[in-house]
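For reference, the structure discussed in these notes is given below.
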Amino acid sequence: MELFWLPKSPAWSAALAVARQMPAPEAARGLISLANSRIDFVQTIKLDRALRQFGSQLEPYLNRTRPVRLGLVGSSTLSHLVPAIRVAALRRGFSVEVCEGHFGTYHQDLADADSELCRFKPDVVLIALDAHHLAAGDSRSCDVSLSVIRSCWDLARNHLGATVIQQTVLPVFPHLLGNNEQEMSSSPANMVREINQTLRVSAAEAGVHLLAVDDMAQQFGSRALFDPALWHRSKQEIHPAAAPLWGDHVGRILAALRGLSFKCLVLDLDNTLWGGVVGDDGIDGILLGQGNAVGEAHIAFQRYAAQLASRGIILAVCSKNEDATARAVFERHPEMVLRMKNIACFVANWQDKAENLRQIARTLNIGIDALVFADDSPFERNLIRQELPEVAVPELPEDPALFANSLAAAGYFEGLAITGEDQERNRQYQANAERDRLREGVADMAAYLRSLEMQLIWTPFDSIGLSRIVQLINKSNQFNLTTRRYSQEQVAAMKADRQWVTFQLRLIDRFGDNGMISVLIGRIAGDRTLELDTWLMSCRVLGRQVEEATLNLIVQHAAAGGLERIVGFYVPTAKNGMVKEHFARLGFALTQTAEDGSTIWSLNVASYEPKTTFIQTQKGTVDQRTDLHPAH
């Protein structure tokens with residue numbers, strides 16, 4: 001089963017042999033490039049061997065975040081799937097350490113404090129229970145099977161403190177009744193359907209993430225994932241040929257948990273959003289709209305892009321075109337689904353597209369590795385893969401009717417939940433562009449900041465903001481002092497524990513609501529000290545004095561609680577170098593430096609003088625937290 005959205009590499013084996021002989025920095029880049037090509041099960045095994053050959057040597061050059069510790073437990077044979085997990089993580093620039101439980105002993109592995117899995121202390125546990133185990137026996141029922149599954153969730157979270165991924169049940173059974181199988185409640189095929197339906201509701205309520213193998217079977221066919229002969233011979237439920245696809249889906253979820261899903265879809269225009277070349281054919285001559293198969297296909301792709309934007313994906317344009325000519329299609333063509341209001345950054349010129357993509361990343365203040373570039377031209381795709389290997393470049397097919405399916409199958413924008421602020425993201429980036437235009441027209445920075453009329457709205461953590469808080473904790477990489485990741489259960493526990501001091505902050509200005517832009521977690525130590533466990537902030541609001549206003553707030557609360565000292569921590573990662581001097585800039589004193597570059601800083605509460613800012617700080621009300629748009 002091919003990963004058809006990735007490009008083929010005819011010289012793949014030769015390139016692998018070369019990469020295995022390279023020094024670690026070059027080897028890491030070479031192996032990532034090989035992982036991002038269309039490879040099968042055998043190539044996945046070979047690539048995993050090469051990856052393990054280097055061991056920890058690659059970590060300084062590979063990890064966009066610290067390695068994920070994954071526990072894999074289930075009721076079928078899973079060993080053949082482990083290499084695909086590691087290669088899928090490599091594809092996205094991070095590494096996974098996997099501890100596989102013993103065959104069929106998933107409950108003991110989760111419950112026994114002396115088990116290898118428990119000693120491993122996984123960050124995430126993936127539970128993969130096969131269909132025969134859950135739905136084949138006469139004594140099985142949907143309720144019994146779900147009880148087994150929920151007990152595993154409780155053990156994984158409460159005993160191991162891990163985030164849980166639950167595999168749905170693969171539809172492997174032949175139908176007994178046919179098209180109306182639902183009329184036979186005892187049918188194993190019907191029971192699988194019932195378990196999966198109930199599982200989705202239960203998982204959403206419990207904060208468990210799903211690996212939807214039943215959806216994979218619907219898309220690619222059950223026969224592509226399951227072979228009865230292999231099941232009876234070796235109890236392999238997932239076919240080895242499907243392992244790369246299965247592993248890629250696991251990798252997507254792990255990437256999303258680590259905040260490594262892509263954030264921005266950058267779109268070419270000619271023959272991508274419409275058929276033809278607008279500069280040659282004119283607005284009236286391009287193929288777009290009903291009554292023409294090609295025009296309808298491009299409309300469908302635009303509609304899919306608009307739907308991505310509605311769930312929080314940023315849209316940008318990168319086109320070799322005259323700017324005015326390209327914009328005119330968005331403004332004047334009656335069949336356009338996407339309009340200028342949907343595009344956060346619009347770049348149309350005759351410059352090199354690699355440099356234009358760098359400009360888009362700078363303008364949006366996101367990493368170049370957050371971009372997905374969709375272009376119909378093989379030349380442009382290959383150029384970007386060569387010049388900007390951090391950018392994801394799907395291999396779009398020749399037929400535009402398949403563009404949306406290819407992009408969706410690639411899973412670049414894997415999400416775990418949707419918050420209200422996700423749906424406002426494009427509007428927020430467009431408002432940022434308006435702020436930048438205002439800044440260009442104001443003589444000095446103080447005048448610009450004063451003109452924004454900023455308000456910083458704060459509240460402690462609460463149930464209303466919990467999903468967004470957890471999302472920020474697990475997605476923020478650049479302005480993140482410690483990059484510690486916490487599950488929803490851990491954050492909820494902090495919220496309820498008086499030893500922890502928590503803040504969620506929103507920024508409002510004359511252009512609108514920036515949404516929740518910062519999260520702080522502090523722990524009260526026994527010596528009248530507030531230790532700043534987590535301090536993260538959206539890069540969208542850099543340079544607006546939010547850091548200074550936030551510190552004023554922290555010190556105010558520390559003083560009110562009788563605390564005498566605030567301690568800050570900086571733990572370096574590949575992404576957060578921008579905040580290395582954060583505490584120094586705010587007046588903290590350096591007290592300790594470790595060999596890995598980690599630093600500890602201290603601030604005396606009594607001698608602190610509040611920073612002067614142009615931000616008004618106030619505590620939010622219940623209404624403000626509920627409607628996500630605090631009143632001015």
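All of the numbers you see were taken from the coordinates with simple rules; none came from a lab. The shown structure was predicted, so the numbers you read here are calculated from the model rather than taken from an experiment. When we count neighbours, we look across all protein chains shown, and the Cβ atoms used for this are built from the backbone with ideal geometry, even at glycine.
Quick notes
- Mean projected area of the Cα convex hull of the stretch 222-352, taken over all directions, amounts to 11.5 nm².
- Whether the chain is rounded, prolate or oblate, judged on the alpha carbon gyration tensor where a/c under 1.5 counts as rounded: oblate
- Only helical runs count toward this figure. For the chain, summing -39,500 (n - 2.57) over DSSP H runs of n ≥ 4 and dividing by all residues gives -12000 deg cm²/dmol at 222 nm.
- For the stretch 264-410, averaging the sequence separation of C-alpha pairs within contact (under 8 Å, six or more residues apart) and dividing by the residue count gives a relative contact order of 26 percent.
- Lys/Arg +1, Asp/Glu -1 at C-beta; the stretch 63-257 dipole; positive extreme among VAL208, LEU81, ILE238: LEU81
- If you take all other residues with their beta carbon under 11 Å from the beta carbon of ASP109, and give Lys and Arg +1 and Asp and Glu -1, the sum is -3.
- Pairwise label distance in nanometres, GLU453 with HIS175, each label 7 Å out on the Cα-Cβ vector: 6.2 nm
- DSSP beta bridge pairing in the stretch 264-410, given as percent antiparallel to the nearest 5: 5 percent
- ALA15-ALA241 FRET efficiency (beta carbon distance; Förster radius 22 Å; 0.05 resolution): 0.45
- The Cβ shell under 13 Å around ASP268 holds other residues with a net charge of -1, Lys and Arg each +1, Asp and Glu each -1.
- Proximal charge balance of LEU81 [Cβ under 12 Å; K/R count +1, D/E count -1]: -3
- Among the lysines of the chain, pairs at least eight places apart or on separate chains and with Cα atoms under 21 Å apart come to 13.
- Of interest is the spacing of the C-alpha centroids, which for the stretch 308-328 and the stretch 180-228 amounts to 38 Å.
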